[in-house]
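K.L.:
Before we start, here is the structure in question, set down as structure tokens.
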């Protein structure tokens with residue numbers, strides 16, 4: 001997206017200084033995530049399991065379960081997709097998943113700031129003009145319909 005410098009026009013809306021400062025902090029964090037280059041949606045869960053051998057320690061009381069095994073899970077087209085990760089993969093991909101979670105948190109905060117700015121807009125307090133009541137002329141024909 002080269003050549004695009006500003007996607008919105010914040011100068012036309014008055015934003016509280018505290019909100020603007022918060023938005024700038026969020027933008028700096030977003031830039032840091034973008035510099036890392038990787039975001040991975042989903043979550044990783046540590047799993048411990050029992051095997052099928054009846055004389056194994058995983059069936060003892062108390063059990064000593066096998067693992068840990070790392071399971072990455074995400075949704076794709078409303079379906080749950082799971083992959084088993086090695087310990088090395090878990091170590092390597094965990095920061096990417098953290099980046100995704102942080103990205104979503106930052107987006108939620110930016111949305112809240114935008115909503116607050118919209119709700120604080122003083123133009124909401126103005127009475128709207130009703131052109132049909134104010135102008136006696138028909139908008140299509142220009143005819144005078146006053147009685």
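K.L.:
If I ask for residues that are within 19 Å of residue 26 (Cβ to Cβ) and touching a residue at least 24 places away in the same chain (Cβ under 8 Å), which ones from region 72-117 would you list?
P.N.:
99, 100, 102, 103, 106, 109, 110, 113, 116, 117
K.L.:
So residue 85 clears everything in (1) modelled with pLDDT of 95 or more; (2) over 23 Å from the mean Cα position of the chain (by Cα); (3) loosely packed, with under 13 Cβ neighbours inside 10 Å except one condition, right? Which one?
P.N.:
(3)
K.L.:
Still on this structure: Could you pull out the residue among 23, 17, 31 that is out of contact with any helix residue (DSSP H, G or I) (no Cβ under 7 Å at 6 or more places or on another chain) and either more than 17 Å from residue 98 (Cα to Cα) or at pLDDT below 90 (or both)?
P.N.:
17
K.L.:
With the checklist (1) assigned to a helix (DSSP H, G or I); (2) under 30 Å from residue 15 (Cβ atoms); (3) at pLDDT below 90 in hand, flag the one item residue 128 doesn't pass.
P.N.:
Only one criterion in (1) assigned to a helix (DSSP H, G or I); (2) under 30 Å from residue 15 (Cβ atoms); (3) at pLDDT below 90 is unmet by residue 128, namely (1).
K.L.:
While we're looking at this one, here's another question. Looking at (1) within 30 Å of residue 103 (Cβ to Cβ); (2) without any contact (Cβ under 8 Å) to a residue 60 or more places away in the chain; (3) touching a helix residue (DSSP H, G or I) at 6+ places or on another chain (Cβ under 9 Å), which one does residue 63 not meet, given that it meets all the others?
P.N.:
Failed condition: (1).
Condition check ((1) in contact with a strand residue (DSSP E or B) (Cβ under 8 Å, 6 or more places away or on another chain); (2) not in a strand (DSSP E or B)) across all residues:
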position: 41; (1), (2): yes, yes
position: 48; (1), (2): yes, no
position: 82; (1), (2): yes, no
position: 92; (1), (2): no, yes
position: 95; (1), (2): no, yes
position: 99; (1), (2): no, yes
position: 107; (1), (2): no, yes
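The values are calculated or read from the model by the stated rules, or taken from the named source; none is laboratory data. Nothing here was measured: the structure is a model prediction, and the numbers come from that model. Cβ: placed from backbone, ideal geometry, glycine included. Neighbour counts: every protein chain shown.
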